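Trainee: Got a structure here, written out as structure tokens. Questions coming.
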Amino acid sequence: MAAVTLSDLPRVRVDTTLPVVDKLTKAIYDDQKRTVRLLQPSDFVECSALLQDRTTSMGHFSPDIYRDDTPEGRKHFEQALNDPDSLHYGLFVIQSGDQSLLEGVGGVVVTTSSWPSYYYTIRKIEDDDTKEFHNNWEIFFHGVYRHWWELPRKEAKLEVFGFSVPKDPTGVLKPLECLCTTVKQGDYQNEKRIQRSDFAKCKTLPDGDVYWRFTRPISVSTTVPDLQNLRMSFQPFTTEKYGLILRLLNLSDTEALHRLWSEEQPMNDFGTGPDVNMEATQRHMNTVLQNESNNNRLELGIFLERNGEEGELIGCIGTDLWETDWPSIFFVLKGEHQRHKYGRDFIKAYTTFWWNLKRKEVEIPGIRATTIDYDVAPNFKAAVKATELLCAVVDKNNVASEGLLKAGGFENNGDFTDTETYWRLKKPDA
Ligand SMILES: CC(C)(COP(=O)(O)OP(=O)(O)OC[C@H]1O[C@@H](n2cnc3c(N)ncnc32)[C@H](O)[C@@H]1OP(=O)(O)O)[C@@H](O)C(=O)NCCC(=O)NCCS
């Protein structure tokens with residue numbers, strides 16, 4: 001049987017969007033130490049020097065625009081910069097005086113036969129992961145990313161790999177604009193950076209490269225609970241089966257919380273690790289109360305019921321509210337009380353309580369399109385109306401957490417990162 005090649009992979013035509021590119025000359029990022037701006041023809045010699053010496057630079061793909069310092073190389077570079085849809089940026093680090101040195105290049109190459117492709121190359125500094133290198137890489141990526149997604153949009157028709165078109169959670173293809181990139185198999189350092197840049201792994205291609213996709217984040221018009229002044233009206237409530245009592249935490253719970261928060265296994269699985277001493281728990285408690293008064297986290301203690309009264313504190317459950325993501329649930333239980341089906345009981349009581357809280361209308365930007373079902377590919381500016389979700393990001397090794405979310409009616413929404421899955425629960429109809 002003949003080997004499958006890239007050209008054998010099925011492709012589909014999609015009606016999507018692309019940026020209306022503005023070849024601005026001013027910097028898109030400037031912090032007195034580093035500048036990110038679009039490359040100019042006069043940058044050719046520096047670009048050529050950086051890209052030709054691969055021993056001094058790190059990058060995962062570089063399009064064929066940076067050639068040798070020859071008249072043809074220069075002409076080729078200038079033509080590439082004149083491409084009306086693609087953008088090529090440089091990262092300049094300011095030296096003493098007004099001198100600045102090119103430390104990295106990158107950008108987005110647009111053709112009609114692919115999603116726009118992101119690339120970067122940053123100069124290595126001694127070893128690849130020095131702080132300086134990391135700062136350069138991060139500033140560069142965030143500058144490019146923000147500029148790219150904030151540009152106004154126009155309608156566009158592209159032909160792309162079928163597997164690369166985003167689907168909504170019901171499996172329907174949604175040709176929402178993507179950025180793509182490929183990384184060589186086994187190139188873990190670049191893979192790590194691309195993953196930290198919010199790209200998600202899509203597929204291993206026949207030539208061994210791994211295809212990564214970054215789906216345009218969208219704005220969602222939805223509801224969230226209004227947590228303002230919740231403490232004033234809060235009433236403790238009990239679970240159905242075991243009569244566990246759930247209520248807001250007080251400073252007087254600190255010692256009981258220390259016994260829970262200093263347990264290794266639950267707190268390691270929880271993701272924060274155990275509090276090492278009472279001072280750590282006091283700080284932890286202050287953060288909980290501070291976040292509550294900022295209305296961005298709700299945390300309840302879970303207590304055993306003893307003769308109709310509140311007994312031992314055995315766990316916590318709550319929700320974080322984010323500015324650019326769905327609210328996310330968290331829970332933890334002391335080791336000795338795990339696997340007694342308490343989780344099943346309190347997650348039901350908690351989610352019922354959560355959905356019954358008073359609501360307010362909000363717009364959340366930056367939502368991953370793959371988390372919601374929507375009827376049309378949204379136009380770039382308008383927010384998509386979506387039913388509120390309660391979500392969770394779970395380590396793939398955390399079978400207990402996955403099991404509990406399933407028991408609580410959450411559904412697996414696919415990979416969040418290589419090591420984590422995303423779970424969602426839709427607000428029931430009013
Ligand atoms: C997640 C956690 C709260 C579960 O609570 P629990 O009271 O032990 O859960 P339950 O006994 O109600 O179990 C509910 C379901 O989850 C699954 N489950 C729970 N613990 C499990 C384990 N150790 N291994 C495999 N599945 C498990 C099972 O499917 C179980 O249903 P079943 O008992 O009918 O088989 C508890 O394990 C915990 O505190 N873990 C540490 C903290 C954490 O990981 N938090 C998640 C990150 S926010």
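Trainee: Going by C-beta contacts inside 10 Å, put Ser42, Ser401 in order with the fewest on the left.
Mentor: If I rank by nearby Cβ atoms, fewest first, I get Ser42, Ser401.
Trainee: So which GluC sites (Glu not before Pro) in the stretch 125-221 end up in coil per DSSP with only 12 or fewer other C-beta atoms within 10 Å? Display every interim value, and only then the final one.
Mentor: Working: sites: Glu126, Glu132, Glu138, Glu150, Glu155, Glu159, Glu177, Glu191; in loops: Glu126, Glu177.
Passing sites in the stretch 125-221 are Glu126.
Trainee: All other residues with a Cβ under 9 Å from the Cβ of Gly90 taken together, and with Lys, Arg as +1 and Asp, Glu as -1, what is their net charge? If you can, show how the numbers build up before the last one.
Mentor: Numbers: positive: Arg37; negative: Asp43, Glu46, Glu103.
Surrounding charge for Gly90 is -2.
Trainee: Moving on. Any idea which of Val144, Gly271, Leu244 is furthest toward the positive side of the dipole for the chain, if Lys and Arg beta-carbons carry +1 and Asp and Glu beta-carbons -1?
Mentor: Leu244
Trainee: Looking at the chain, send over the antiparallel percent of its DSSP beta bridges, to the nearest 5. Before the final figure, lay out the partial values.
Mentor: Values: 84 of 88 bridges.
Of all bridge pairs located within the chain, approximately 95 percent are antiparallel.
Trainee: When each pair of different Cα atoms in the stretch 225-375 is counted once in the 1/r mean, what is the Kirkwood radius in angstroms, to one decimal?
Mentor: Details: mean 1/r = 0.0606 Å⁻¹.
So the Kirkwood estimate lands at 16.5 Å.
Trainee: Placing +1 at every Lys and Arg Cβ and -1 at every Asp and Glu Cβ, with all other atoms neutral, what dipole size does the chain have around its Cα centre, in debye to the nearest 20?
Mentor: Working: 51 positive and 65 negative charges, 224 e Å.
Dipole about the Cα centre, nearest 20: 1080 debye.
Trainee: How would you rank Ile28, Ile194, going from fewest to most other Cβ atoms within 10 Å of each one's own Cβ? Don't skip to the answer; put the middle values down first.
Mentor: Values: Ile28 17, Ile194 23.
By the 10 Å Cβ count, ascending: Ile28, Ile194.
Trainee: Going by amide H atoms built from the backbone, whose H comes under 5 Å of the H on Glu305, apart from near neighbours?
Mentor: Ile245, Gly311
Trainee: Another question, if that's okay. Under 15 Å from the Cα of Lys131, which aspartates and glutamates turn up, not counting those fewer than eight places away in the same chain?
Mentor: Straight-line reach from Lys131, under 15 Å: Glu103.
Trainee: Report, in listed order, any pair from Lys358/Lys385; Lys201/Lys406; Lys192/Lys426; Lys26/Lys184 with a Cα-Cα distance greater than 22 Å.
Mentor: Details: Lys358/Lys385 19 Å; Lys201/Lys406 24 Å; Lys192/Lys426 32 Å; Lys26/Lys184 34 Å.
Correct reply: Lys201/Lys406; Lys192/Lys426; Lys26/Lys184.
Trainee: On the first, second and third principal axes, largest extent first, how far apart are the outermost C-alpha atoms of the chain in Å?
Mentor: 89, 50, 48
Trainee: About its Cα centre, what dipole magnitude does the stretch 387-430 give when the only charges are +1 on Lys and Arg Cβ and -1 on Asp and Glu Cβ, stated in debye to the nearest 20? Provide the component values of the computation, followed by the final result.
Mentor: Working: 5 positive and 8 negative charges, 35 e Å.
Its charge dipole is roughly 160 debye.
Trainee: Neighbouring Cβ atoms within 10 Å as the yardstick, rank Thr387, Thr182 fewest first. Let's see the in-between values first.
Mentor: On the way: Thr387 13, Thr182 19.
Result, fewest neighbours first: Thr387, Thr182.
Trainee: Figure the gain on full extension for Asp30 and Gln189 (residue separation times 0.36 nm, minus the Cα-Cα span) and round it to one decimal in nm. Could the numbers behind the result be given before it?
Mentor: On the way: separation 159, 0.36 × 159 = 57.24 nm, distance 2.65 nm.
Full extension of this stretch gives 54.6 nm more.
Trainee: First measure r as the distance between the Cβ atoms of Ser114 and Asp373, then evaluate 1/(1 + (r/R0)^6) with R0 = 30 Å and state the FRET efficiency to the nearest 0.05.
Mentor: Numbers: r = 27 Å, r/R0 = 0.90.
So, using R0 = 30 Å, E works out to roughly 0.65.
No value in this document is a laboratory result; all are computed from the given coordinates. Owing to the predicted nature of the structure, the values given are computational and were not obtained by experimental measurement. As a convention, Cβ positions derive from the backbone with ideal geometry for all residues, glycine included, and neighbour counts pool all protein chains shown.
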